[in-house]
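Structure first, then comments.
The values are calculated or read from the model by the stated rules, or taken from the named source; none is laboratory data. The structure displayed is predicted, hence computed values, not measured ones. Counting neighbours? That spans all protein chains shown, and the Cβs are built from the backbone with ideal geometry, glycine included.
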């Protein structure tokens, strides 16, 4: 499966402007027909806002992404809020919903926990033969989420609003989750400013050995991985280095 990441400067709490920008980026992408799965960052249409009304998805927002999926024949993952939960939503090529994961670890330092409800369950879903575990931003800092699902997942996808000043931590944690769980790890971040907070993008994809599959750098656009995701590579890596089976449940866990 060939993935693509849409990394762009989200206009603060302006859904219509952001929809227009997404359409412009897709129109400018000459290789859009090569894409199997297009992934956007956290709270795709609003930015990471504590204004719950601005972040809450409506039927028009959902129809926008469903239309993009169907018109371009691609699977899509995007972020938004539904009924107070910060979600990562995935659609198939026809625009049908495949999965909607609710962020478990809310960012208390930014008072996210005062405005949104925390999810309570982990999920794995299948997308064209690959087993995918979704996560949102702050979830990345909690490795047990990824360990819990390691044997059931081929790919981790993490959408985020991760500040530039901690970009090195972002990339390091993404690679660590890939290596320690012998799975692909995709991280999608945004660009631009939100008040005094700056975002640098640095969206990445690492393979099960920690090698870079896609590095979007700090530019705006739709970036397509040169190498497709390969479930067989995950299986071969785990067969050659069967580390996951050696994990032990410690008394304090």
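Being over 14 Å from the mean Cα position of the chain (by Cα), within 20 Å of residue 212 (Cα to Cα) and surrounded by fewer than 24 Cβ atoms within 10 Å (Cβ to Cβ) holds for only one residue in 171, 164, and it is 164. When segment 178-201 is filtered for residues that are part of a loop (DSSP other than H, G, I, E, B), under 15 Å from the mean Cα position of the chain (by Cα) and either within 17 Å of residue 49 (Cα to Cα) or without any contact (Cβ under 8 Å) to a residue 40 or more places away in the chain (or both), the ones remaining, listed by number, are 189, 190. Summed over segment 206-224, the residues that are surrounded by 15 or more Cβ atoms within 10 Å (Cβ to Cβ), part of a loop (DSSP other than H, G, I, E, B) and in contact with a helix residue (DSSP H, G or I) (Cβ under 7 Å, 6 or more places away or on another chain) give a count of 3. For residue 159, the criteria (1) closer than 29 Å to residue 64 by Cα; (2) within 15 Å of the chain's Cα centre (by Cα); (3) free of Cβ contacts under 8 Å to residues at least 60 places away in the same chain hold in every case but one, which is (3). Can you name the residue in segment 239-253 that is at pLDDT 90 or above and either more than 13 Å from residue 181 (Cα to Cα) or touching a helix residue (DSSP H, G or I) at 6+ places or on another chain (Cβ under 6 Å) (or both) and is also surrounded by the most Cβ atoms within 10 Å (Cβ to Cβ) among such residues? It comes out as 244.
Quick check on segment 22-61: of everything there that is in a helix (DSSP H, G or I) and out of contact with any strand residue (DSSP E or B) (no Cβ under 8 Å at 6 or more places or on another chain), which residue is surrounded by the fewest Cβ atoms within 10 Å (Cβ to Cβ)? Taking the candidates together, the pick is 59.
Among the residues of segment 79-103, how many are assigned to a loop (DSSP other than H, G, I, E, B) and under 15 Å from residue 161 (Cα atoms)?
Within segment 79-103, residues that are assigned to a loop (DSSP other than H, G, I, E, B) and under 15 Å from residue 161 (Cα atoms) number 1.
When residues in segment 99-150 are screened for being under 13 Å from the mean Cα position of the chain (by Cα) and over 29 Å from residue 242 (Cβ atoms), 6 of them pass. I'd like the residue in segment 123-154 that is in contact with a helix residue (DSSP H, G or I) (Cβ under 7 Å, 6 or more places away or on another chain) and part of a loop (DSSP other than H, G, I, E, B) and, out of all such residues, is farthest from residue 170 (Cα to Cα). Only one residue tops the list, namely 129.
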